[in-house]
Amino acid sequence: MEILTINNVWMMICTALVFFMHLGFALLEIGLTRQKNTLNILFKNVFIVTIGLLLYCLVGFNLMYPGEFNGFFGFAGFGLDSPLTADGGLDLAYNEGYTYWTDFLFQGMFAATAATIVSGAVAERMKIVPFMIFAIIYVGFVYPVAGSWKWGGGFLDGLGFYDFAGSTLVHSVGGWAAVVAVCLLGPRIGKFKDGKPQAIPGHNIPLATAGVLILWLGWFGFNGGSVLSADPALTSLTLVTTCLAAAAGGVVCMLVSTAMYKNLDLTMFLNGILGGLVGITAGADQMSPTDAIIIGAIAGAIIVFAVSFVDKLRLDDPVGAIAVHLICGIWGTLAVGLFGNLAGMDQFVSQLIGVACYAAFCITTSFIIIYTLKKTIGIRVSEREELEGLDAHEHGMDAYPDFRLNEH
Amino acid sequence: MKKIEAIIRKSKFSEVKKALHEIGVNFFSYWDVTGLGNEKTGHVYRGVSYSTSDIQRRYLSIVVNDDFAETTVQAIIKSASTGDVGDGKIFVSDVTECYRIRTGEKGGETLK
């Protein structure tokens, strides 16, 4: 009983930390985009957290953890159904690490993250209503079904695929949808001139910095809570690997981007930290500190090349979501087969299969959703709305009514 | 009466202000402006280099009596100069009348 209490308290703290990550995402996204679209991005982020939790309560939790199922798709019924003891109290034998309620809320906080990743990638040009419809379907259906394949005990779990806290299950699931959405949307006006990428600087770098440091703090809960108990050895190791990977990712990204572009770009430094965090997430409990530093460092280097690679493909990703969440998510997932306790050829193959399965499922589902929206209600704002800002046209409000708006 | 408008470097503002106070110009208006010029500043953002010709400057508007205009202009030139391109410009124009709102009186006396 006392152990359960300790475990459960830790899990609730982690739940709160993961909730805090939504603020981090919101600040990062508005910081790296222009002032005229700030309110629109904040609106999307607030919508995702609120609707995400409600959907996870209504269907998500029981889609993701259906109990015994065929390994591909299971559903344990609508709403929450807490296990009860004979005298009507909450059955604490549910799990030794947490109660039923904590389990729901912790997983619910994760669920909304996948759609938040897409929000950053489509920023400054996607209509709000189709985005909301997309978010509802993706968070309510796609994410939990995809999650059930591994965390719900589905077929990938049986294959030996390993994803500790979601390099693939959360970050790549969001990342794949981001790629599809960006392809179907097209770049922002002015992003590519004669095929060459142009800089569209973000309007508030201090907020972007706060966002990344808040995300790092949130990751203490994201990875720390994924231990699913307060196991002293595992939780502390996980926090160490998480932080070392973040630090290594940031430093290496800073060094590589400075060497390549001859300037000390803080936004790259920040993306490098996130790349390190996403990279370590798949194997945070399986790595030694040295492994974690190597994984983070490689993720940091990947970020620099991935950002320019995405530009070369003429994909417009204002906040670097594809580089951070998709490409580093894939790297982190594969790294479980290369470093740490599970390293080995068999594991590497399992990881590859996992990455491929999620790619196929997420690309297909997000394409169907977004393509249907594009052909019916349209997904892109008009040219005038885009130039004058989504805040004014989609919301009729200003994020900063007292500040002058610059023309760009 | 003359209106002296000066566009100066923001970094020179406190020196100009001090120089104007020293010659007895205690009242004037100023605001921050963005302009375009020959000077280009190089930037790199997320691996993409770009340059901007937007220039941030401070705009001063000072109204003085005719016999004081040259002193004021010289004070600004002396205090705002760095010798590099981009130090700014000064424009002098005639002002036909001046009123003090509180008392309704008009003329050069209101500037003192």
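The values are calculated or read from the model by the stated rules, or taken from the named source; none is laboratory data. Bear in mind the structure is a predicted one, so any value in this text is a computation, not a measurement. Heads up, the Cβs are rebuilt from the backbone with ideal geometry, glycines too, and the neighbour counts pull from every protein chain shown. Quick note on the areas: whole protein, heavy atoms, side chains included, nothing else; ligands and nucleic acids left out. Shrake-Rupley method; radii C 1.70, N 1.55, O 1.52, S 1.80 Å.
Summary of values
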| quantity | calculated |
| --- | --- |
| With eigenvalues of the C-alpha gyration tensor scaled by 5 and rooted, segment A:254-314, Å | 23, 13, 9 |
| Exposure ranking of A:Ile136, B:Ile8 by accessible area [1.4 Å probe, largest first] | A:Ile136, B:Ile8 |
| Most mobile of A:Leu338, A:Leu53, A:Leu326 in a GNM of chain A (Cα contacts under 10 Å) | A:Leu338 |
| Convex hull of chain A built on C-alpha atoms - directionally averaged projected area, nm² | 20.2 nm² |
| Solvent-accessible area of A:Ile3 with every protein chain in place, 1.4 Å probe, in Å² to the nearest 10 | 110 Å² |
| Local electrostatic count at A:Ile6 - Lys and Arg +1, Asp and Glu -1, tallied over other residues with Cβ under 15 Å | -3 |
| Segment A:114-233 - Debye-derived log10 I(q)/I(0), Cα point model, q = 0.14, 0.18, 0.22 Å⁻¹ | -0.80, -1.13, -1.32 |
| Residue order for A:Ile303, B:Ile7 - accessible surface, 1.4 angstrom probe, largest first | B:Ile7, A:Ile303 |
| Solvent accessible area, Å² - A:His325, 1.4 Å probe, full protein context | 10 Å² |
| Helix axis angle, A:266-281 relative to chain A longest principal axis, alpha carbon, degrees | 20 degrees |
| For segment A:100-106, 3J(HN,Hα) per residue [Karplus equation, 6.51 cos²θ - 1.76 cosθ + 1.60, θ = phi - 60°, Hz, x = Gly/Pro] | 4, 5, 4, 4, 4, 5, 4 |
| Buried solvent-accessible surface, both chains (A, B), 1.4 Å probe, Å² to nearest 100 | 1000 Å² |
| Accessible area (Å², 1.4 Å probe, nearest 10) - A:Leu342 | 50 Å² |
| Mean-position separation - Cα centroids, segment A:293-349 and segment A:138-209, in angstrom | 12 Å |
| Pairs from B:Lys17/B:Lys89; B:Lys18/B:Lys78; B:Lys3/B:Lys40 whose Cα-Cα separation, in the structure shown, is over 20 Å | B:Lys3/B:Lys40 |
| Shape metrics for segment B:19-77, restricted to C-alpha atoms - Rg then Dmax, Å | 17.5, 56 |
| Whole-number D in µm² s⁻¹ for segment A:101-175, Kirkwood Cα-pair radius fed into Stokes-Einstein, 4 °C, 1.567 mPa s | 99 µm²/s |
| Under the Karplus curve 6.51 cos²θ - 1.76 cosθ + 1.60, θ = phi - 60°, whole-Hz ³J(HN,Hα) for segment A:211-221, x wherever Gly or Pro sits | x, 5, 5, 5, 4, 4, 4, x, 5, 4, x |
